[in-house]
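Quick notes on the structure that follows.
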Amino acid sequence: MRITVIGCGYLGAVHAASMAELGHDVVGIDIDEAKIAMLASGRAPFYEPGLPELLERSLAGGRLRFTTDMSAARGNRIHFVAVGTPQKPRENAADLRFVDAAIDALVPWLEAGDLVVGKSTVPVGTARGIADRLAESETGASLAWNPEFLREGLAVKDTLHPDRLVYGVPDGDPAGARQLLDEVYAATLSEGTPLVVTDYETAELVKVSANAFLATKISFINAMAEVCEVVGADVTQLADAIGYDARIGRRFLNAGLGFGGGCLPKDIRAFMARAGELGADQALTFLREVDRINMRRRERAVDLVREVLDGSLLGRRIAVLGLAFKPDSDDVRDSPALNVAAMLSLQGAAVICHDPKAVPNSRKRFPELSYTESLDEAVADADVVLVLTEWGDYLEIDPEVLARKVANPIVVDGRNCLDAEAWRAAGWRYRALGRRRMDARVGALV
Ligand SMILES: NC(=O)c1ccc[n+]([C@@H]2O[C@H](COP(=O)([O-])OP(=O)(O)OC[C@H]3O[C@@H](n4cnc5c(N)ncnc54)[C@H](O)[C@@H]3O)[C@@H](O)[C@H]2O)c1
C-alpha cells in the first residue's frame, strides 16, 4: 500500500517508519526542513528507543522517504494526518491550525478513492468538519479517524503491536474505509489486536476519554498523597493495597510529581473546552480538579525541598536528576520535572540539572538553568538531590557511593521510585511526596 504520513513529530515519524516496517511504501512529509533532513539521513530528531534501527532498515530497503514537498502525496492511497494539536495560547482549547493547514495543502494532490486518515488528537466534531471539506473539494477522497494511543518511550512497540485499533468511519462506510485500513494494518490485525469500528465522534472521544481517565487515576492517587502527607500515612503502601483489588488495579497509581508531556495536560484542557462549547461542561468539571491536583504536586515538591533545607532555598546547591516528562523520552513539553527545577531556580537556589537525554530540549526551553551531562558533576557538593524523572539510570544509583559525593545526604524522591530503605540504610535522609517523614522501621524522624 502507498502511504503518506503528514507531520513527522513524535507520533508521525514513528508511524511512518512503522508503516514501512509493515511492508508499505511510505513518504513522510513535514514543513520542518531540519527535521526532514535528519529523518532522510536516518537520524531520529528526538529520542525514541528503537526508532533509529527502524529508520535505518526502512530507508535502506527503499520503502521509506521523507520530504517537505506535499506533491509527494500524489498517487498514494492512504494519507495519515499526524500534525500537532497544541493548546491555544491563553486558552484551554486545542489549536487546530496545523490540521487545517495540512488538509489545505493535501487537497490539491488527492484523487478519487484516496483515504485521508486522521491520527492527531482532536476535539470531537473535527472529523465531521474535515469530511465535509473533503466532500466539497470534489476530489472523491474520503475520511476516516484512527486515533493513536502510543506512549513515548514505547512508541515503536505501541505502533507495531497496539492494545487496540479504532476506526471512525462515516455512516454506511460508502468508500470502504474499513477495508482499506484493514489492509494497512493487516499484520497487526493478524496478531488478534482488538478492533473497534465506529463513527467519527466516538473515535475522537475514545482518545480524549482514555487520556481523561488516565489523568484522573494519577490525580486520584496524588490527592490521596496530599491526605497522607497531612496524617503521616504512606501513599505507596496505600496504592499497593488498593491496587490488589482487580477492579482498581495498581497501574497508573504511582503518586509523585504528576503527569505532563505533550498530550495529557493539553488534551484534558481541550476536552473541557470542547464540552463547554457543546453545553456539556458540567460533565467534565471534575477534570478541572484533576488538573489542579496535578499542578499542586509541583508546588508541593518545591515546598518539600525548602522544608528539608530548613526553610531557605537561597544559594543552596540542588541537583535535579531528571528533566523529561517521563523516562525513555527527551520530551520536556509541560514536564513537571523541568517546571520544578525552574521554580527552585527562580526562588534563589543554585540548580544543576541532569537528564540522560533531555538536556538539549530543556536548554532550549529554560536556557537560564545550569545543565550537565555528567551525573557526578550534577551531584558534586549538592545540599540536596532530587529525583524527578524515574530513569533506569537513577534507579541503579548506589546510594552509598553517591553519599560520598554530596555535601548533605538528603534525597527528595519526586516519583516514589527509589528504594527508601536502601537509601536510608546508606545514611540518606529520604523524603518523598505522600510518604511519612518517620522511618517506620526504626521509629525515628528522618
Ligand atoms: N506524542 C505522543 O505521544 C502522542 C500520542 C498520541 C497522540 N498524539 C497526538 O499526535 C499529534 C502529534 O503529536 P506529536 O507529539 O507528534 O507532535 P509534534 O509537535 O512532535 O509533531 C507535529 C509535527 O507536525 C508538523 N507539522 C505542523 N504543521 C504541518 C503541516 N501543515 N504539514 C506538515 N507537517 C506539519 C510539525 O512540524 C511537527 O514536526 C497531536 O495531536 C498529539 O496530541 C501524540
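The values are calculated or read from the model by the stated rules, or taken from the named source; none is laboratory data. Everything quoted here is computed from the prediction, not taken from an experiment. Cβ sites come from the backbone with ideal geometry, for glycine too, and all protein chains shown count toward neighbours.
Looking at Asp132, Asp182, Asp171, just one residue is of a type in the set (D, E, K, R) and closer than 15 Å to Pro194 by Cα, and that residue is Asp182.
Take the residues in segment 30-57 that are part of a loop (DSSP other than H, G, I, E, B) and among the hydrophobic types (A, V, I, L, M, F, W, C), then tell me which one is farthest from the chain's Cα centre (by Cα). Filtering first and then ranking leaves Ile31.
Quick one: in segment 242-278, which of the residues that are surrounded by 22 or more Cβ atoms within 10 Å (Cβ to Cβ) and on the phi > 0 side of the Ramachandran plot is farthest from the ligand (Cβ to nearest atom)? Looking at residues that are surrounded by 22 or more Cβ atoms within 10 Å (Cβ to Cβ) and on the phi > 0 side of the Ramachandran plot, I get Gly256. Selection of segment 4-29 for residues being within 6 Å of the ligand (Cβ to nearest atom) and either farther than 19 Å from Gly62 by Cα or assigned to a strand (DSSP E or B) (or both) yields Ile6, Gly7, Gly9, Tyr10, Leu11, Ile29. Pairing residues of segment 185-201 that are over 15 Å from Glu21 (Cβ atoms) with residues that are hydrophobic (A, V, I, L, M, F, W, C), at Cβ distances under 6 Å and at least 6 apart in sequence or on separate chains, gives Thr193/Leu165; Leu195/Leu165; Val196/Val166; Tyr200/Ala127; Tyr200/Trp145; Glu201/Val124.
Applying the criterion of at least 3 residues that are farther than 19 Å from Pro123 by Cα, in contact with a strand residue (DSSP E or B) (Cβ under 9 Å, 6 or more places away or on another chain) and not assigned by TED's automatic domain parsing to the domain that holds Leu287 to the helices (runs of 4 or more DSSP H) found wholly in segment 163-255 leaves 177-184. Of the residues making up segment 66-107, those that are crowded, with 17+ Cβ neighbours inside 10 Å, part of a helix (DSSP H, G or I) and either under 26 Å from the mean Cα position of the chain (by Cα) or at pLDDT below 95 (or both) number 4. Residues that are within 11 Å of the ligand (Cβ to nearest atom), under 19 Å from Lys266 (Cβ atoms) and not assigned by TED's automatic domain parsing to the domain that holds Ala275: does segment 37-46 have at least one? Yes, that holds for at least one residue. Just to be sure I understand, how many residues within segment 111-140 are away from the ligand (no atom under 15 Å from the Cβ), among the aliphatic types (A, V, I, L, M) and crowded, with 22+ Cβ neighbours inside 10 Å? Going through segment 111-140 one residue at a time, the tally reaches 1.
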